[in-house]
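The values are calculated or read from the model by the stated rules, or taken from the named source; none is laboratory data. Being a predicted model, the structure only gives us computed values, none of them experimental. Cβ placement follows ideal geometry from the backbone for every residue including glycine, while neighbour counts extend to all protein chains displayed. We work out accessible area using only protein heavy atoms, side chains counted, and drop any ligands, DNA or RNA first. Shrake-Rupley method; radii C 1.70, N 1.55, O 1.52, S 1.80 Å.
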Amino acid sequence: MQCFGVGGYSYLFEPLWWAGMITMIVGEVANFVAYAFAPAVLVTPLGALSIIVSAVLAHFILKERLHKLGILGCVMCIAGSVVIVIHAPQEHLITSVQEIWSLATQTAFLLYVASVIVLVFVLVFHFAPRYGNTNVLVFTGICSLMGSLSVMSVKAIGTSLKLTFEGNNQLVYPETWFFMLVVVTCVVTQMNYLNKALDTFNTAIVSPIYYVMFTTLTILASVIMFKDWDGQSGGSIVSEICGFIVVLSGTILLHVTKDSDRSSSFRGNYAPLSPSLSARLYSGNGELLKHGDEDASTSEEICLKRQELY
């Protein structure tokens, strides 16, 4: 007897799905444009606001319960974002893509890029085959490292397009097309390993860890490349870091409470498997055991329980 997921493409006929997809595309375009007008130190942490909007909409539209601690997490994200906005550095005036290229080829940023490439290769070829399916930091680390480079390239492309629309054509420079190539390479790598992470581990675990690592590395790369903190006082820098920590804490709290609500809801609606079956399914370190001689009735019970989830 075989178990099959629901699958299919019936969601393509749902107007709400199309509304969500179009809204997501518009949001990504707006996020792309934001990097052309504001420093990454400001834009990237504010991405936590999308988590708040998602949680609130899920509460009212999908009837997902928003826990009190989840509400506290939303308030923390908003408070931290306000602090970041108040103390954010001013965007440096850039007049050409060649100026961005000079920033990207400075010694400090080249050392950062070299470190990222070395770490990615080590994670991909050494750690991923051995620990990728047991340690969530492997796949999310690859995504975060490549993501920091993709954001820097996206900012370069966004600035180039802004200057082009203002009448100063930047598409004639090979540097613009090189940044586009970097974006494509990094995004494809990110999506590949992010899908692996989400397919292997719980989303409630992957999302906060990925957000923390990606945002931290992106801010670090922006500070090195664009020198966002040059000219700022020590108090402003400390305030930005504190606001960033508050946003990260709120994000983690929101994800943890969502996961606990789902787990308690599952336990309330479905009876747990017998201890003997649990012992057969999982070893002491949590790894799934593969037994080829399971009883047919046990397999049927598992399939029925999975089908009840849909």
So how do 175, 64, 14 rank on accessible area, 1.4 Å probe, biggest first, that is with the largest at the start? 14, 64, 175
Contour minus Cα-Cα span, residue 192 to residue 90, at 0.36 nm per residue, comes to 33.3 nm
From the Cα gyration tensor of segment 104-256, with a ≥ b ≥ c the square roots of its eigenvalues, which class applies: rounded if a/c is under 1.5, or else prolate if a/b is larger than b/c, or else oblate? oblate
How many angstrom lie between the Cα centre of segment 89-116 and the Cα centre of segment 154-197? 14
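How charged is the neighbourhood of residue 42? Take every other residue with its Cβ under 12 Å from the Cβ of residue 42, and add Lys/Arg as +1 and Asp/Glu as -1.
Values: positive: 155; negative: 91, 228, 240.
Once all neighbours under 12 Å are counted, the net charge is -2.
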Mind checking the per residue accessible area of segment 95-227 for me, 1.4 Å probe, whole number of Å²? 47
Once label points are set 7 Å from the Cα along Cα→Cβ at both residue 110 and residue 13, what is their separation, rounded to one decimal in nm? 5.9
How large is the accessible surface of residue 242 in square angstrom, using a 1.4 angstrom probe and rounding to the nearest 10? 70
On the accessible surface of segment 95-227, probed at 1.4 Å with all protein chains in place, carbon and sulfur together account for a percent value of 71
Mark the label point 7 Å from the Cα of residue 99 along Cα→Cβ and return the residues of segment 163-199 whose backbone N is within less than 16 Å of it. 163-171, 176
What nm distance separates the two modelled labels at residue 180 and residue 82, each placed 7 Å from Cα along Cα→Cβ? 4.3
What list of ³J(HN,Hα) values in whole Hz, one per residue of segment 211-227 in order, does the Karplus curve 6.51 cos²θ - 1.76 cosθ + 1.60 (θ = phi - 60°) give from phi, with Gly and Pro shown as x? 4, 5, 5, 5, 5, 4, 5, 5, 4, 4, 5, 5, 5, 6, 7, 9, 6
Accessible area (Å², 1.4 Å probe, nearest 10) - residue 178: 100
